[in-house]
């Protein structure tokens, strides 16, 4: 596995790309982010990664509002750090891990993986494979993963818990 987050996390979100910073291009492990590292990444890479982290934090806060005072606090103090229970992965080879919940961010990315999956498309934005505990969601961007779609994603995750 390659990405950010807690090595023991049960929630795994898969992205096609990693931040375009030299420090992360050679990453070969799941690395917990340090305090302030999300801010550093967004300052260095711009709006794209800020939207990804914001959508991820909004989703997790909607899933469990008791995790922080606000989604912004969760993003800044816990998201993808060692004490969290989530990962953002840049490799898809671990979609078979049984005791985890898998979310592939983006329909185009999911199709490029050419997985032998029995995903049932619920609409043009979401698909689910109950046996694999796999959800295909819109890409983590405000236009694609709107607040209403975040709530739909939360509902699908709760179905698989």
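The values are calculated or read from the model by the stated rules, or taken from the named source; none is laboratory data. Only a predicted model underlies this, so the values are computations on that prediction, with no experimental measurement involved. Here the Cβ is made from the backbone with ideal geometry for all residues, glycine too, and neighbour counts use every protein chain on show.
Please specify each residue of segment 82-105 satisfying the condition of being in contact with a strand residue (DSSP E or B) (Cβ under 8 Å, 6 or more places away or on another chain), in a loop (DSSP other than H, G, I, E, B) and modelled with pLDDT of 95 or more.
We begin by selecting, within segment 82-105, every residue in contact with a strand residue (DSSP E or B) (Cβ under 8 Å, 6 or more places away or on another chain); these are 84-92, 94-95, 97, 100-105.
Checking which are in a loop (DSSP other than H, G, I, E, B) leaves us with 84-85, 90-92, 94-95, 97, 100.
Those that are in contact with a strand residue (DSSP E or B) (Cβ under 8 Å, 6 or more places away or on another chain), in a loop (DSSP other than H, G, I, E, B) and modelled with pLDDT of 95 or more: 84, 85.
Has segment 117-124 got at least one residue that is more than 18 Å from residue 146 (Cα to Cα), at pLDDT below 90 and part of a loop (DSSP other than H, G, I, E, B)?
As a first pass, look at segment 117-124 and keep what is more than 18 Å from residue 146 (Cα to Cα): 117-121.
Narrowing the set further to residues that are at pLDDT below 90 leaves 117-118.
Now drop any that are not part of a loop (DSSP other than H, G, I, E, B), which leaves 117-118.
Yes, because at least one residue in segment 117-124 is more than 18 Å from residue 146 (Cα to Cα), at pLDDT below 90 and part of a loop (DSSP other than H, G, I, E, B).
Looking at 30, 13, which is the one that is in contact (Cβ under 8 Å) with a residue 40 or more places away in the chain, touching a strand residue (DSSP E or B) at 6+ places or on another chain (Cβ under 7 Å), farther than 25 Å from residue 149 by Cβ and surrounded by 16 or more Cβ atoms within 10 Å (Cβ to Cβ)? I'd like the intermediate steps shown before the answer.
Numbers: 13 fails: farther than 25 Å from residue 149 by Cβ.
Result: 30 is the single residue among 30, 13 that is in contact (Cβ under 8 Å) with a residue 40 or more places away in the chain, touching a strand residue (DSSP E or B) at 6+ places or on another chain (Cβ under 7 Å), farther than 25 Å from residue 149 by Cβ and surrounded by 16 or more Cβ atoms within 10 Å (Cβ to Cβ).
If you check 69, 51, which single one turns out to be over 23 Å from residue 28 (Cβ atoms) and either crowded, with 16+ Cβ neighbours inside 10 Å or within 15 Å of the chain's Cα centre (by Cα) (or both)? Step through it out loud before you land on a result.
On the way: 69 fails: either crowded, with 16+ Cβ neighbours inside 10 Å or within 15 Å of the chain's Cα centre (by Cα) (or both).
Answer to the selection: 51.
I'd like the full set of residues that are touching a helix residue (DSSP H, G or I) at 6+ places or on another chain (Cβ under 6 Å) and within 22 Å of residue 8 (Cβ to Cβ), limited to segment 28-59. Break it down into steps so the answer makes sense when it comes.
Initially, segment 28-59 is screened for residues touching a helix residue (DSSP H, G or I) at 6+ places or on another chain (Cβ under 6 Å), giving 38, 41-42, 49-50, 53, 57-59.
Across segment 28-59, the qualifying residues are 38, 53, 57, 59.
Do we find a residue being touching a residue at least 40 places away in the same chain (Cβ under 8 Å), touching a strand residue (DSSP E or B) at 6+ places or on another chain (Cβ under 6 Å) and buried (at least 20 other Cβ atoms within 10 Å of the Cβ) anywhere in segment 124-145? Working first, answer last.
Our first condition is that a residue be touching a residue at least 40 places away in the same chain (Cβ under 8 Å); within segment 124-145, this holds for 140-142, 145.
Checking the rest, the ones that are also touching a strand residue (DSSP E or B) at 6+ places or on another chain (Cβ under 6 Å) come to 140.
Filter once more, so that each one left must be buried (at least 20 other Cβ atoms within 10 Å of the Cβ): 140.
Yes: segment 124-145 contains one or more residues that are touching a residue at least 40 places away in the same chain (Cβ under 8 Å), touching a strand residue (DSSP E or B) at 6+ places or on another chain (Cβ under 6 Å) and buried (at least 20 other Cβ atoms within 10 Å of the Cβ).
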